[in-house]
1. I need every pair where a residue in segment 94-109 that is not assigned by TED's automatic domain parsing to the domain that holds Ala149 and of a type in the set (D, E, K, R) has its Cβ under 7 Å from the Cβ of a residue that is surrounded by fewer than 16 Cβ atoms within 10 Å (Cβ to Cβ) and not in a helix (DSSP H, G or I), sequence separation at least 6 or different chains.
2. Take Tyr96 and tell me if it is in contact with a Pro (Cβ under 9 Å, 6 or more places away or on another chain) and in a helix (DSSP H, G or I).
3. Could you go through segment 151-165 and let me know if any residue there is on the phi < 0 side of the Ramachandran plot, surrounded by fewer than 17 Cβ atoms within 10 Å (Cβ to Cβ), of a type in the set (S, T, N, Q) and out of contact with any Ser or Thr (no Cβ under 9 Å at 6 or more places or on another chain).
4. When you scan segment 208-222, how many residues do you find that are in contact with a Phe, Trp or Tyr (Cβ under 7 Å, 6 or more places away or on another chain) and of a type outside the set (Ser, Thr, Tyr)?
5. Taking Arg110 as meeting all but one of (1) within 23 Å of the chain's Cα centre (by Cα); (2) modelled with pLDDT of 95 or more, write down the number of the exception.
6. Where residues in segment 92-145 are out of contact with any helix residue (DSSP H, G or I) (no Cβ under 9 Å at 6 or more places or on another chain) and hydrophobic (A, V, I, L, M, F, W, C), which of them is nearest to Leu165 (Cα to Cα)?
7. Only one residue in Leu157, Leu165, Leu115, Leu170 is under 18 Å from Val95 (Cβ atoms), modelled with pLDDT of 90 or more and outside any helix (DSSP H, G or I). Which one?
Amino acid sequence: MGTQLLGSFEIENGYRVWMVYYVIDKPTMDTRTGVMTCFTSGKRAMEESRRHRAIIFSQATDGSRILYESNVEIQMLSQQSLKRAYEIEVFGEAVYAMAAHLARRPEHRRKWEALRQLEAQTRDRLRTTLARAGDTPHDLLVRSWLGSAVGAVIGVLPWRMTLTLLDIVLRWSVRFFERVEDEVCEKEGLSAYELAAHERAQWEFVRRELAGDEQSIDPILALLEARR
């Protein structure tokens, strides 16, 4: 019985796991849950959920488990996800700023401005987190320009059409930020509330606005106040 490299496999979103064991039985993976299990000498060698992402496992000859986390790999992947989140915030702030500038109705302008503030606040938090990791991002002129262009379009569309488009976009962005939470928040010191809550608040605003709720902006204002 010796060390065997079982190879690597992709779990999701480009994350890869390397498995190294003292193996008697081949490991099995539950494709539904993403849990990998290996038995050595009749004992369960390990069972770890896919949230660990990039890890190396070794089974000692005495049956004890040794777990090595690939911290460099996790840190690199964390920063990539946070950089992408930062780019989204730069883009989103530019969208809302232009939409507010072009809004004809004062109440619409007020709502766009609240959304812009929330994006700017989240962008600043992401910038601080990245800087703490030694990777201060630069303002992205192309992203800002594209955001302004999109804001110019939605700023002149009928209100309900704009909200319907935002509803579609925010469905995706909520899922994205929830994945970022899952992947990096514990490693980088961001709580789930600080990162993805702003996307959920925006989605809640859109749904309430489409339903005719006069207090639709309340989730945005409440989050802005809570973060001050």
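The values are calculated or read from the model by the stated rules, or taken from the named source; none is laboratory data. All of these numbers come straight from a predicted model, not from anything done at the bench. Note: ideal-geometry Cβ built from the backbone for every residue, glycine included; neighbour counts use all protein chains shown.
1. Listed by first residue and then by second, the contacts come to nothing, as the list is empty.
2. When the stated conditions are applied, Tyr96 does not pass them.
3. Yes: one or more hits.
4. The total comes to 3.
5. (1)
6. In this case the residue turns out to be Val142.
7. Only one candidate qualifies: Leu157.
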